[in-house]
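The values are calculated or read from the model by the stated rules, or taken from the named source; none is laboratory data. Quick caveat: nothing in here was measured; it's all calculated off a predicted structure. Ideal geometry is used to build each Cβ from the backbone, glycine not excepted, and the neighbour counts take in all protein chains shown.
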Amino acid sequence: MNKIKLGMVGGGQGSFIGAVHRKAAALDGHYQLVCGAFSSQASVSRETGATLGLDQARVYASYADMFQQEAARPAAERMQAVAIVTPNHLHAAPAIEAMQHGFHVIIDKPLALTLAEAKQIQQVMRDTGRDLALTHTYAGYPMIKEARHLVRTGRLGRLRKILVEYPQGWLSSPIENEGNRQASWRTDPARAGAGATGDIGTHAAHLAEYVSGQMITELCAELNTIVGGRQVDDDAAALLRFDGGASGALIATQVAAGEENNLRLRLYGDIGGLEWCHRDADTLLLNMHDEPARVYRRGAAYLSPAASNNSRLPPGHPEGFIEAFANIYSNFARRLQTPVAEQLTSDETASGYDYPSIEAGVRGMAFIEAMQASAKSTQKWTALTL
């Protein structure tokens, strides 16, 4: 099939996540980066475009110019989808404008700055018929797909307990005051909205729902700001209730000194449990009651199609973050390139060709606002309301 012509908003020189998006999009050959508005500073956008080898006529000073001019190009050469890799406060406006100009959207999480903005994006998506993928990266790991398959097929029995934790240590000191650009915007409430809750808490919440198949209905949260002078939460925890009857707990902290990105998920049913850890993403542990533990390894022939379809290498050749990110890009490309009739008859979940969608984005914003409301409330238990 022809490559999908991709544009980018944000991701200029010095951007961490912009480079990740470009590498992920390129990995499986489904996309061609053809244009971009990489920075609000025209000179930075031009320099980034030159570094990437783009035609300078398609390196724009603003996303508004890019959408208008790309929409006017002949269909055979115009951008078809856009990756939005800006700080959170600049998610909603370009996403909405892109869809209104006829472009599909790939966007970083959290979806927006507020739940109201997320719902607005959702409505515009419905009105325009465009598609949107959200880069909840960890849903792209093959062994997360396998864990989801095992839960769906009843291997654990009835789920009772869901535990997810995401400890980081990179914000253990006020590096936002020392010129760190990533820390600067991620700790600015005007640009980030929430702190640890939005940055990594949404990843943890999505992973718990994605693998378990159960949705969070209520939570009891505590939000802390540990580092003095910081204006957003950098430490969060919550008890959780799920619509399938399970209970759980979530921890998301960015002040766990010495930790990197040690995301960990554990699920327990009435006959067995699962454990996955980001440090060893190619391994999934299955522990059945009164039986020896089982170790599942990525790439093995005994895995489900959901895991196998998201794996590229034989066992023992590690796959990691970029590959998981690329799975979201590739699965979204498959969606855009597959005739609608075939989409309607395929089981995306069983095949593993699914990707986080607008619904996950709206739920993520509802999770953030429920966490904030619960932390401020004396009643504590707070409904997650869409």
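A compact table of results
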{"read-out": "Unmet requirement for Ala83, which otherwise passes all of (1) surrounded by 19 or more Cβ atoms within 10 Å (Cβ to Cβ); (2) over 30 Å from Thr197 (Cα atoms)", "value": "(2)"}
{"read-out": "Residues of the stretch 360-380 classified as surrounded by 13 or more Cβ atoms within 10 Å (Cβ to Cβ), at pLDDT 95 or above and not aliphatic (A, V, I, L, M), total", "value": "7"}
{"read-out": "Index of the failed condition, Leu6 passing every other in (1) of a type outside the set (Lys, Arg); (2) within 22 Å of Gly129 (Cα to Cα); (3) free of Cβ contacts under 8 Å to residues at least 60 places away in the same chain; (4) crowded, with 23+ Cβ neighbours inside 10 Å", "value": "(3)"}
{"read-out": "Options Gln56, Gln41: the member that is in the same structural domain as Ile107 (by TED's automatic domain parsing), in contact with a helix residue (DSSP H, G or I) (Cβ under 7 Å, 6 or more places away or on another chain) and polar (S, T, N, Q)", "value": "Gln56"}
{"read-out": "Leu219 more than 20 Å from the chain's Cα centre (by Cα), farther than 22 Å from Leu113 by Cα and either outside any loop (DSSP other than H, G, I, E, B) or of a type in the set (A, V, I, L, M, F, W, C) (or both)", "value": "no"}
{"read-out": "Residue satisfying all of: in the stretch 148-167; of a type outside the set (D, E, K, R) and either part of a strand (DSSP E or B) or touching a Phe, Trp or Tyr at 6+ places or on another chain (Cβ under 6 Å) (or both); nearest to Arg241 (Cα to Cα) among these", "value": "Ile162"}
{"read-out": "Some residue of the stretch 273-282 being modelled with pLDDT of 95 or more, assigned by TED's automatic domain parsing to the domain that holds Arg298, farther than 23 Å from Ala350 by Cα and surrounded by fewer than 19 Cβ atoms within 10 Å (Cβ to Cβ)", "value": "yes"}
{"read-out": "Hey, Pro167 at negative phi and either free of Cβ contacts under 8 Å to residues at least 60 places away in the same chain or polar (S, T, N, Q) (or both) or not", "value": "no"}
{"read-out": "The stretch 103-150, residues that are among the polar types (S, T, N, Q) and either buried (at least 24 other Cβ atoms within 10 Å of the Cβ) or within 22 Å of Gly352 (Cβ to Cβ) (or both)", "value": "Thr135, Thr137"}
{"read-out": "Some residue of the stretch 44-58 being touching a residue at least 24 places away in the same chain (Cβ under 8 Å), buried (at least 20 other Cβ atoms within 10 Å of the Cβ) and either part of a strand (DSSP E or B) or under 22 Å from the mean Cα position of the chain (by Cα) (or both)", "value": "no"}
{"read-out": "Flag for Ala194 being within 19 Å of Leu250 (Cβ to Cβ), small (Gly, Ala, Ser) and assigned to a loop (DSSP other than H, G, I, E, B)", "value": "yes"}
{"read-out": "Leading residue by the ranking (farthest from the chain's Cα centre (by Cα)) among those in the stretch 68-92 that are in contact (Cβ under 8 Å) with a residue 60 or more places away in the chain and in a helix (DSSP H, G or I)", "value": "Glu70"}
{"read-out": "Considering residues of the stretch 99-117 that are free of Cβ contacts under 8 Å to residues at least 60 places away in the same chain and among the aliphatic types (A, V, I, L, M) only, the residue nearest to Arg191 (Cα to Cα)", "value": "Ala116"}
{"read-out": "Cβ-Cβ under 6 Å pairs, at least 6 apart or on other chains, the stretch 118-143 side touching a residue at least 40 places away in the same chain (Cβ under 8 Å) and not assigned by TED's automatic domain parsing to the domain that holds Ala300, far side acidic (Asp, Glu) and outside any helix (DSSP H, G or I)", "value": "Thr135/Asp108"}
